[in-house]
Amino acid sequence: MKFIETKLIGCYILEPKIIKDERGYFMESFNEKTFSEGIGQKVTFVQDNQSFSSKGVLRGLHYQTGGHAQAKLVRVLQGEVLDVAVDLRPNSETYGQYEAVFLSAENQKQFFIPRGFAHGFLVLSETATFFYKCDNFYNKDSEGGLLFNDTTVNIDWNFPIEQLIISEKDQILPTIEKAKKVW
């Protein structure tokens, strides 16, 4: 497994070693020891989540606050997405900046997003199955969100806005100036 640190401190792109032959392929998608050494910290995942979405669906940008903050390790099992993390850590030198990563079933890349980040993704293929591990349990009272088209963060989704499919809840999320503090 290759670990590539992004411009956002603590966020990593993981590129697995894929062994292919005439039967198909094999890869190790997660190994606790390798993962901890690769990101330089111990993270214990306690919950796995999976979603299925159609082309143009934008889910996010979501996060959990306070003692319920979550780190996530995300990947695509089928299809392709543009995955985005926004740094909301108040004392971070990259506060308000984002990282966008193309994840697909073909490239098998994963994206590690530590606590203190908003996260979302846009489905680029006809459908996509998205899978992620969380290091903390979901808590409804600790939900936070950031508007997908906040002009301060200025995410380039590289997709026609009029073709986006966004839940009503996500369409009314606040801008970064008005968003709940992560801690």
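Readers should treat all values here as calculations from the given coordinates under stated rules, not as data from a laboratory. What you see is a predicted model, and the numbers here were worked out from it, not measured in a lab. Glycine gets a Cβ as well: all are built from the backbone with ideal geometry, and neighbour counts include every protein chain shown.
Loop-located GluC sites (Glu not before Pro) in segment 1-42 (DSSP state not H, G, I, E or B) with no more than 10 neighbouring Cβ atoms inside 10 Å: E22.
Our Cα-only numbers for the chain put the radius of gyration and Dmax at 16.0, 54 Å. Spatially close Lys pairs in segment 74-183, defined by Cα atoms under 24 Å apart and a spacing of eight or more places or different chains, total 11. A cut-off under 14 angstrom between Cβ atoms defines the neighbours of L77, and their net charge, with Lys, Arg +1 and Asp, Glu -1, is -1.
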